[in-house]
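Notes follow once the structure below has been shown.
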Amino acid sequence: MWDRTGGRYDQATLRDLVETERGRANRAARVALRHENMLGTAIEIMRPFHLRMAELHRATEKRHRAAVELHTGYADAVKSWAEGPERAGLPPAFMAAVAESSGIRSLAVTLFNKGEGGVAVAVSDPVTAKVNDLEYVFGEGPSQGTPFETGVCGERELMSRWPRFGPAARELGVRAVVSARLGLLESPMGTLIAYRPEPEPDAEIARSTKVVADVLTDTALHPGTRLDVEDGLPVHPLFGDSDLRVAVHQATGMVMTTHHCTATDALALIRAYAYSLDESVIEVARMIVNRTTSLN
């Protein structure tokens, strides 16, 4: 399991995950091949069925092989860090390895509860962390709520859809975003966002983002994933790097008490204070919980 203070992952568990995904990919490939072979001998009325089954299982195979590639990339990164000189610095983040393997530089995962904002975030790099925190500061952006319908939001729409987040994100080099749902269609669990420097992301970026989201849904967020007995989180490296926003909920309650306001108003005060200090909402929340500030 994760040592959440040291950021280390049990490599045996990770190897098991990779082998499980590889086995699923191989099984899907065998079924697809069987249907492909039957296309040549099947009667005419059955050919569409075999073609459809072959396509479905090839798509399943592709998704599981993508999972193997992403998790193997992370395992290799951890191994290189562990074998480095005195393990310099922090261990590699899972999302950083995902960004490297997928070729999508800036990725952010935001998980949420139904009816709430983001409650956990994992990002690929410091710049992505700053951009994602802008969403929390302004209370608007692609990670706030369910994914927008198109999945791709170019520069013009970015500015009009989110008039505060858009210009602030552009100052950090983000001119467009690509969104993909995490979880099933009937029960979304969050969003995967790719923050992009180009004004109009191409279709390949959108497809790659969707593949990564499907991989995370099938592995980290799958109902069958084993839960950590200590914190109840799925045993997956994604959660070793997630920034759980428990402090924000605690701080919101404290501000409600001291300022006699609603939860919405309390969170707005925290966001405004963070923005005025050019500080993250998480850090300001910790200051409130530690009683080093009261927003007065």
**Q.** In the stretch 43-86, residue least open to solvent (accessible area, probe 1.4 Å) [restricted to those that are in contact (Cβ under 8 Å) with a residue 60 or more places away in the chain and in contact with a Leu (Cβ under 7 Å, 6 or more places away or on another chain)]
**A.** His71
Q: Tell me, yes or no, whether the stretch 264-279 has at least one residue that is of a type in the set (D, E, K, R), buried (at least 16 other Cβ atoms within 10 Å of the Cβ) and within 17 Å of the chain's Cα centre (by Cα).
A: no
Q | Failed item, numbered, when Gly40 is tested on (1) of a type outside the set (S, T, N, Q); (2) open to solvent by 60 Å² or more (accessible area, probe 1.4 Å); (3) more than 18 Å from Ala97 (Cβ to Cβ); (4) at pLDDT 95 or above | A | (4)
(Q) What are the pairs with Cβ atoms under 7 angstrom where one residue, in the stretch 213-242, is basic (Lys, Arg) and the other, located anywhere, is part of a loop (DSSP other than H, G, I, E, B)? Sequence gap at least six, or different chains. (A) Arg226/Val235
Q: Note down all Cβ pairs under 8 Å where the first residue falls in the stretch 155-174 and is closer than 19 Å to Arg105 by Cβ and in contact (Cβ under 8 Å) with a residue 40 or more places away in the chain, the second is part of a helix (DSSP H, G or I) and of a type in the set (Lys, Arg), and they're at least six residues apart or on different chains.
A: Glu155/Arg170; Leu172/Lys130
(Q) I need the full set of residues from the stretch 184-206 which are in contact with a Ser or Thr (Cβ under 6 Å, 6 or more places away or on another chain) and either open to solvent by 10 Å² or more (accessible area, probe 1.4 Å) or part of a loop (DSSP other than H, G, I, E, B) (or both), in order please. (A) Pro188
Q | So Val152, is it over 23 Å from Ala272 (Cβ atoms), without any contact (Cβ under 8 Å) to a residue 40 or more places away in the chain and either crowded, with 19+ Cβ neighbours inside 10 Å or under 18 Å from the mean Cα position of the chain (by Cα) (or both) | A | no
Q: With the checklist (1) among the small types (Gly, Ala, Ser); (2) out of contact with any Ser or Thr (no Cβ under 8 Å at 6 or more places or on another chain); (3) open to solvent by less than 40 Å² (accessible area, probe 1.4 Å); (4) modelled with pLDDT under 90 in hand, flag the one item Ala168 doesn't pass.
A: (4)
Q: Determine if the stretch 216-227 includes at least one residue that is surrounded by 14 or more Cβ atoms within 10 Å (Cβ to Cβ), hydrophobic (A, V, I, L, M, F, W, C), in contact with a Gly (Cβ under 9 Å, 6 or more places away or on another chain) and outside any helix (DSSP H, G or I).
A: yes
Q.
So the check is Cβ under 9 Å with 6+ separation or different chains; which pairs have a first residue in the stretch 274-289 that's over 18 Å from Pro126 (Cβ atoms) and a second one that's among the basic types (Lys, Arg) and modelled with pLDDT under 80?
A. Ala285/Arg245
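The values are calculated or read from the model by the stated rules, or taken from the named source; none is laboratory data. Quantities reported herein were computed from a predicted structural model and do not represent experimental measurements. No Cβ is skipped: glycine too gets one built from the backbone with ideal geometry, and neighbour counts run over all protein chains shown. What goes into the accessible areas is simple: the full protein's heavy atoms, side chains included, and nothing from ligands, DNA or RNA. Shrake-Rupley method; radii C 1.70, N 1.55, O 1.52, S 1.80 Å.
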